[in-house]
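*Asks:* Dropping a structure here in structure tokens format, bear with me for questions.
The values are calculated or read from the model by the stated rules, or taken from the named source; none is laboratory data. Just so you know, these numbers come straight off a predicted model, no measurement behind them. Note that we place each Cβ from the backbone using ideal geometry, even for glycine, and neighbour counts take in every protein chain shown.
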Amino acid sequence: MPDLPDRRLNAYRPDLAEERLRGIVEAANYVSGSPGIISAPVVQMRARPELECGTDTELLLGETVHVFDSAGGWAWVKADFDSYVGYVPDYAISPVVHSRTHIVTAPRTFVYSGPDLKFPTVQALSMGNRIAVIDERETRGTRYFLLEGGQAVIANHCAELGKPLFGDYVSVAARFLETPYLWGGRSGFGIDCSGLIQLSMMMTGKTAPRDTDMQAKELGTAIARDELRRGDLVFWKGHVAIMLDERTLLHANGHTMNVALEGLDDAIARIGWLYDQPTGYRRP
């Protein structure tokens, strides 16, 4: 019997599957899905429609999805960015009405009720959130982008979508130092090891799969340990780290419970007793 497609990247259940899987998996019905857009800053995606189920990944404000089913307060979706499949609260998805014009480039920032830093904050945003800017204002020398309803964000915390952002994904990752570690996290509020890789690369215009095993197979080319340099990746079973230079790595980890720097030799010795030696080294 042939292996079934990876459920993380392919939407199928006994009652329903995405149309492109017709003839590959058996299901009672097949659908193409309807487009939607994430309407909350950070939304947790789960493998099952249950709050008790752990988080697989997160979707960010302004990212688009295809919705295959919606019932009981949950939507079964596939993210357009990295094809990840799972369940999210249905209130966090809206119809695609306005195109997003800008992306948040600061690790974290605020939406204000108006264009003034003394005004009340409405919500917090993460790097990678996409927003629709309709105008701009300046207050006491600070530029603000205006959103619907007169709300505002700091202009220099954002960049226009479609234009080059940061050039070095390692520098982006380093901006998350001391950000809390969060299993399944993919934002400036909490992030895991592979989420740090994916989000940092996304901000430089590169794409990366979501999970560590996917990254170990698909990102770049394999190299030897003695070839390691800035930007290379070190993989363990279930973990990945970025080389800051030839001797130091940067990673979101469950040991310090945040994004931290660590010597490569120290990390290999510390991790080895539980997860064995690195499984490979890759140059993206």
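*Asks:* Which members of region 158-174 meet the condition of being of a type outside the set (Asp, Glu), surrounded by fewer than 18 Cβ atoms within 10 Å (Cβ to Cβ) and not in a helix (DSSP H, G or I)?
*Replies:* Passing the criteria: 159, 161, 162, 163, 164, 165, 166, 167.
*Asks:* Restricting attention to region 207-221, does a residue exist that is exposed (fewer than 13 other Cβ atoms within 10 Å of the Cβ) and closer than 20 Å to residue 60 by Cβ?
*Replies:* Quick first cut of region 207-221, residues exposed (fewer than 13 other Cβ atoms within 10 Å of the Cβ) only: 207, 217-218, 221.
Now narrow it down to the ones that are closer than 20 Å to residue 60 by Cβ: 207.
Yes, the conditions are met somewhere in region 207-221.
*Asks:* Return a yes/no flag: does region 49-65 have any residue that is farther than 27 Å from residue 128 by Cα and at pLDDT 95 or above. Walk me through how you get there before you give the answer.
*Replies:* Filtering region 49-65 for residues farther than 27 Å from residue 128 by Cα gives none.
Checked region 49-65: no residue is farther than 27 Å from residue 128 by Cα and at pLDDT 95 or above.
Okay, residues lined up against (1) among the β-branched types (Val, Ile, Thr); (2) in a helix (DSSP H, G or I):
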{"site": "226", "(1), (2)": "no, yes"}
{"site": "234", "(1), (2)": "yes, no"}
{"site": "250", "(1), (2)": "no, no"}
{"site": "255", "(1), (2)": "no, no"}
{"site": "259", "(1), (2)": "yes, no"}
{"site": "262", "(1), (2)": "no, no"}
{"site": "273", "(1), (2)": "no, yes"}
{"site": "277", "(1), (2)": "no, no"}
{"site": "282", "(1), (2)": "no, no"}
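*Asks:* Would region 166-183 turn up any residue that is of a type outside the set (Lys, Arg), at pLDDT below 95 and within 20 Å of residue 109 (Cα to Cα)? Explain how you work it out, then say what you get.
*Replies:* Start the filter on region 166-183 by keeping residues that are of a type outside the set (Lys, Arg), which leaves 166-174, 176-183.
Checking the rest, the ones that are also at pLDDT below 95 come to 166-168.
Imposing the further condition that a residue be within 20 Å of residue 109 (Cα to Cα) reduces the set to 166.
Within region 166-183 (the criterion being of a type outside the set (Lys, Arg), at pLDDT below 95 and within 20 Å of residue 109 (Cα to Cα)), the answer is yes, since at least one residue qualifies.
*Asks:* Output the residues belonging to region 110-136 that are out of contact with any Asp or Glu (no Cβ under 9 Å at 6 or more places or on another chain), more than 26 Å from residue 205 (Cα to Cα) and not small (Gly, Ala, Ser).
*Replies:* Across region 110-136, the qualifying residues are 112, 116, 117, 118, 119, 120, 121, 122, 123.
*Asks:* Looking only at residues in region 160-218 that are touching a residue at least 60 places away in the same chain (Cβ under 8 Å) and at positive phi, which one is nearest to the chain's Cα centre (by Cα)?
*Replies:* Among them, the one singled out is 184.
*Asks:* Being modelled with pLDDT of 95 or more and basic (Lys, Arg) is the filter here; which residues of region 206-236 pass it?
*Replies:* Residues of region 206-236 modelled with pLDDT of 95 or more: 208-236.
210, 217, 225, 229, 230 - these are the residues of region 206-236 that are modelled with pLDDT of 95 or more and basic (Lys, Arg).
*Asks:* Looking at residue 240 and the list (1) assigned to a strand (DSSP E or B); (2) modelled with pLDDT under 95; (3) not small (Gly, Ala, Ser), which single condition is not satisfied?
*Replies:* Result: residue 240 fails condition (2) only.
*Asks:* Among the small types (Gly, Ala, Ser), surrounded by 15 or more Cβ atoms within 10 Å (Cβ to Cβ) and touching a residue at least 60 places away in the same chain (Cβ under 8 Å): does that describe residue 231?
*Replies:* Values: among the small types (Gly, Ala, Ser): yes; surrounded by 15 or more Cβ atoms within 10 Å (Cβ to Cβ): yes; touching a residue at least 60 places away in the same chain (Cβ under 8 Å): yes.
Here the answer is yes, as residue 231 does meet what is asked.
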